[in-house]
Amino acid sequence: MNPVLTIILQRLALGLLTLLIVSFVIFTAVNMLPGDFAEALLGQSATPEAVAAIRKDLNLDQPFFVRYFSWLGAMLTGDLGVSYAQLNFQSNMGASTLKTVADQIAPRFANTMFLAGVTACIAVPFAVTLGVLAALYRNSVFDKGVNIATLTSISSPEFFLAYILVLFLAVLNPLLPSIANIYQGISFQDRLVATLLPALTLTLVVTAHMMRMTRAAIISLLASPYIEMARLKGISPLRVIVKHALPNAWAPIINVIALNLAYLITGVVVVEVVFNYPGIGQLFVDAVKNRDIPVVQACCLIFAGAYILLNLAADILSIMTNPRLRHPK
Amino acid sequence: MSDRPTLVEMRGIKMEGRSDETWTPIIKGVDLTLQKGEVLGLIGESGAGKSTLGLAAMGFTRDGVRISEGSVTFDGIDLLAASAEQKRALLGKRIAYVAQSAAASFNPAHKLIDQHSEGPTQHNVMSKAESEADGMELYRKLRLPNPDEIGFRYPHQVSGGQLQRAMTAMAMSCRPDLIIFDEPTTALDVTTQIEVLASIRDIVEEYDTAAIYITHDLAVVAQMADRIKVLLKGDEVEENETREMLSNPKEQYTKSLWAVREFQRPQKPPVSTDATPVISVQGVTAAYGKIDVLHDVSFDIHAGRTVAVVGESGSGKSTTARCITGLLPPRIGHIELDGNTLPLDYRQRDKEQLRQVQMIYQMADTALNPRKKIGEIIGRPVEFYMGLKGREKRRRVEELLDQIELPAAQYFDRLPSELSGGQKQRIGIARALAAEPKFIICDEVTSALDQLVAEGILRLLADLQDELGLSYMFITHDLATVRSIADEVVVMKDGNVVEQGPKTDMFQPPHHPYTDLLLSSVPEMDPDWLSTLLAERGADNIGDAAVDKMA
């Protein structure tokens, strides 16, 4: 079989195994949170009887492993379950239509992916270009300036960066909306405009890693004999870096890009809150606060899946950039 | 020759290299003149500054090196005053470079032909299509197999000797006036080297290209150069026409270089037929994974004798050593020590059995722990095998340092990084001796060393053998080494023993055809050697082509 295909299948199988282990870790961790949905819901007025009734309703009185496996089984058939909050609402108010966890998460997740996508489209080319230029003009004022600027932006709190951008791009120069107002049926163009400020904030957050890795990966190759050869062929410095160093430097760069993209999907709560962006991060935090376990678990699994998939994609792309694996002897 | 116009003129070149924060001189005032179409051989040992000077002729210095004084003119252009752009316009187009390791100097990410045509297209000499067609023509002239197809491969899909020729083609791509060849055949096997030498010489002659040919191998430079310049530690020793230089060297240093290969041990009496060999390799077949790399290898090594195992890279020499030491347990067959079968895996051998088989490695640099002092490196086996501690251990280590001719008082507390290459290799020898073994495997112990230093190591090993009655298995691809030190020779090819016997027989016909090819491929000091050989055998009967024919 094609060696590349073998490697991809192996990684895919390993990814699934990782996901299974993660599901157990998530379930255990959520289980260890102090208090449960019943106590969180009833608050001060919790009587042992009321708590027990709600627990029984939600099968929270079942043993740990029974609950884990029934959840896992449902998960495997694509059933993410129903939010406890929804269930409780239904049993008290008799609502007829139930929103499942999947229904709740889907639009939020789509928003998050949109934001991550827009950010990636801006940040990845920006960071790689900056990295290439920094490598080309290494140790110059430009190189040092880029390093200082990106390190400053990554070291500043996200909300701070967000408010600075709001100040300059929404308040002083009203170019972009400071609140990301996203509603159902919004046109692509409006959605893009609404997403731009959060995306720019996140770009500032993720650029430093990718840019510095690009720079370092290229510079580490500059001592190679084939780079010296290219120089001795009279090739211009820019072409030496873009044509001769960069193609051999992709593997580490791609891995850092993947890690940063995963961060965009899983870790942008602060930015969502600042811009009131209806992403999955806010939903997740609310669910944890309410001990709404099905939502928490589903979010965690999605996050884990995103990490695994992106790393898998990075691995595969790294392999594809290696001519030894693409063109075996 | 003398009436041709001057191409390169270097006057009073002084160069410095940065180590830590200080600049130390590496070239101390060298003049160099090269006429159009002429080939100049630059020869010297490592550290002589050959490559540095060769690159300076292109107006190029590596990072951490600078030209502090002097001038370099190429065809009337002052290279040291030229701007980066002006130099770039010359490099690749009128001055080209062929590096030592083609495998490392081709970009792994691009096809050969794309790298070939990059120079001509970037310098606007030819279109890509023209340059590709021209590349195939050059590949044909350099006798590469499948010249129309080989360019579309990636570097890792092509063998070392072929890559070296493809790199020569690449250097030729803009038809430069000057090519710097920087040890282009040093990393190649002898049978491959001869092919590359022949094709480089032909093409340089055909296009009347001037060349600076850098090497440490006198016999090679004798075939290639019109004139030879000898360098020693950044200074010129002497320069002369090739034939004059070979027959009549003037300086003492040049004479000593020429004389290196004269060391030869006297022939020993034949071993009595009923003697038990110290090491007997019996019918060993060994595999890496599922592929057999050794096939039924058998030979004996007797007390006080040196058996040279000869062959090219990939012939199974080092694998045989791994089988003897038990690092790679053979699939079939076994190893005997003094007539007793050794356990196949070193983990099942007892301390006494381990002690008797020691090893000295090719790269003394990497075989010594850089964080341990010399006293500790040698002291470790003294303690482990001989059980000596404290003052006794120290005395024994000092004794060993005396044996390898390094004064203990001076070297005991040094780190490996504070020693030269030859000294490090001596430490490797002392470490092997510390176990007081009967048998030592020497794996290419001199191939990373300069000839004069290598000769010192060979003499030391010979003296130690006479003194201690050691048996050596001497793995090498260098037939000159075999000639000087071996008693018996085992010739290997593709994991098989093709011929074995006493050295005196091996260097006299009739031979197995492969042994014959191997012997005839070793360059000789005679400047007509390559031409004569080509005339006798024809271009198809040398090098890899001949090896392929045999198979």
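The values are calculated or read from the model by the stated rules, or taken from the named source; none is laboratory data. Being a predicted model, the structure only gives us computed values, none of them experimental. A quick note on method: Cβ atoms are made from the backbone with ideal geometry, for glycine too, and the neighbour counts reach across all protein chains shown. Areas reflect the complete protein model, heavy atoms only, side chains present, ligands, DNA and RNA absent. Shrake-Rupley method; radii C 1.70, N 1.55, O 1.52, S 1.80 Å.
Accessible surface for the protein assembly as shown, divided over its residues, is 45 Å² per residue with a 1.4 Å probe.
Averaged over the residues of peptide B:100-108, the number of Cβ atoms from other protein chains lying within 10 Å of each residue's Cβ is 5. Take the Cα of A:Leu325, go 7 Å toward its beta carbon, and the backbone nitrogen atoms of region A:207-247 under 20 Å from that spot belong to A:214, A:217-218, A:221, A:245-247. Compute the relative contact order of chain A as a whole-number percentage, counting only Cα pairs closer than 8 Å that sit 6 or more residues apart in sequence. Relative CO of chain A lands at 26 percent. Here the spin labels are modelled as points 7 Å beyond Cα on the Cα-Cβ line, and at A:Ala313 and A:Ser70 they lie 3.7 nm apart.
Considering helices alone, the calculated mean residue ellipticity of chain B at 222 nm is -11000 deg cm²/dmol, with DSSP H runs of length four and up weighted by -39500 (n - 2.57) and normalised per residue. Computed about the Cα centre, the dipole magnitude for region B:279-520 is approximately 1060 debye when only Lys and Arg (+1) and Asp and Glu (-1) carry charge, each at its Cβ. Checking every one of the GluC sites (Glu not before Pro) in region B:9-114 against DSSP loop status and a limit of 11 other Cβ atoms within 10 Å picks out B:Glu21.
Rounded if a/c is under 1.5, else prolate if a/b beats b/c, else oblate: with a ≥ b ≥ c from the C-alpha gyration tensor eigenvalues square-rooted, which is region B:299-357? It is oblate, given that a/c is not under 1.5 and a/b is not larger than b/c. For the residue pairs A:Lys144/B:Lys87; B:Lys28/B:Lys93; B:Lys317/B:Lys493; B:Lys36/B:Lys93, alpha carbon separations beyond 20 Å are given by A:Lys144/B:Lys87; B:Lys28/B:Lys93.
Phi angles across region B:112-121 convert, under the Karplus curve 6.51 cos²θ - 1.76 cosθ + 1.60 with θ = phi - 60°, into 3J(HN,Hα) values of 4, 5, 5, 6, 5, 7, 4, x, x, 6 Hz, Gly and Pro given as x. Of the three principal axes defined by the Cα atoms of chain B, the extents in descending order read 71, 54, 46 Å. Counting only residues at least eight positions apart within a chain, or on another chain, the lysines with an alpha carbon under 18 Å from that of B:Lys111 are A:Lys233, A:Lys243, A:Lys329, B:Lys128. Relative to one another, the C-alpha centroids of region B:469-537 and region B:9-84 are positioned 38 Å apart. The Rg/Rh ratio of the protein assembly as shown, with both radii computed over alpha carbons and Rh defined as the Kirkwood radius, is 1.08.
If I compute solvent accessible area with a 1.4 Å probe over the protein chains, what percent of it on the protein assembly as shown is carbon and sulfur? Its accessible area is 56 percent carbon and sulfur atoms. Each Lys and Arg adds +1 at its Cβ and each Asp and Glu adds -1 at its Cβ; summed about the Cα centre, the protein assembly as shown shows a dipole of about 2500 debye. Applying both filters, DSSP loop and at most 13 other Cβ atoms within 10 Å, to the GluC sites (Glu not before Pro) of region B:334-434 gives B:Glu405. Taking region B:270-314 and a reference point 7 angstrom along Cα→Cβ of B:Asn496, the backbone N atoms nearer than 12 Å belong to B:295-297. Summarising the amide proton neighbourhood of B:Ala287: residues at separation of 5 or more, or on other chains, whose placed amide H is nearer than 5 Å comprise B:Val293, B:Arg331. In this calculation the C-beta distance from B:Ser272 to B:Lys351 is compared with R0 = 25 Å, giving a FRET efficiency of 0.20. Between the amide H of B:Met492 and those of B:Val310, B:Gly311, B:Val498, distances stay under 5 Å, these residues lying 5 or more places away or on another chain, with hydrogens modeled in the peptide plane. For the pair A:Thr129 and B:Tyr207, a Förster radius of 35 Å applied to the C-beta separation gives a FRET efficiency near 0.25, rounded to the nearest 0.05. What the pair-distance distribution of region A:105-289 shows, using all Cα-Cα distances binned every 10 Å from zero, is 9, 32, 29, 18, 9, 2, 0 percent. Residues of region A:228-247 that lose at least 50 Å² of accessible area (1.4 Å probe, protein heavy atoms only) when the other protein chains are present, relative to their chain alone, are A:Glu228, A:Met229, A:Leu232, A:Lys233, A:Gly234, A:Arg239. Scanning residues 5 or more positions from B:Ile441 or on other chains, those with amide H under 5 Å from its amide H are B:Gln358, B:Met359, B:Ile360, B:Met473, with H placed 1.01 Å from N in the peptide plane. Residue-wise HN-Hα couplings along region B:297-305, as the Karplus relation 6.51 cos²θ - 1.76 cosθ + 1.60 with θ = phi - 60° gives them from phi, are 8, 9, 6, 10, 10, 9, 4, x, 10 Hz; Gly and Pro carry x. For region B:144-161, heavy-atom accessible area (probe 1.4 Å) falls by no less than 30 Å² from the chain alone to the full protein assembly at B:Tyr154, B:His156, B:Gln157. Taking 28 Å as the straight-line reach from the Cα of A:Lys99, the lysines in range (excluding those fewer than 8 positions away in the same chain) are A:Lys56, A:Lys289. Note on A:Leu5 and B:Arg62: their simple-model spin labels are 4.5 nm apart, each label 7 Å out from Cα toward Cβ.
Per-residue extension of 0.36 nm, minus the Cα-Cα distance of B:Thr22 and B:Met550, leaves a gain of 184.5 nm for this segment. A simple rule links phi to the HN-Hα coupling: the Karplus curve 6.51 cos²θ - 1.76 cosθ + 1.60 with θ = phi - 60°, which for region A:26-40 gives 4, 4, 5, 5, 4, 5, 7, 4, x, x, 9, 4, 4, 5, 4 Hz, with x for Gly and Pro. Bridging of B:Lys393 to lysines at a Cα separation below 30 Å is possible for B:Lys351, B:Lys372, B:Lys373, B:Lys424, B:Lys438, once same-chain residues fewer than 8 apart are set aside. Where both bridge residues fall in chain B, DSSP classifies roughly 55% of the beta bridges as antiparallel. Chain B packed on chain A takes about 2300 Å² of accessible surface away from a 1.4 Å probe, both sides summed. Restricting attention to the protein assembly as shown, close to 55% of DSSP beta bridges with both partner residues there are antiparallel.
Mind giving me the FRET efficiency for A:Asn147 and A:Cys121? R0 is 25 Å, r the Cβ-Cβ distance, nearest 0.05 is fine. About 0.60, to the nearest 0.05. For region B:51-98, a drop of 50 Å² or more in accessible area on going from the chain alone to the assembled protein chains (1.4 Å probe) is found at B:Phe60, B:Arg88, B:Tyr97.
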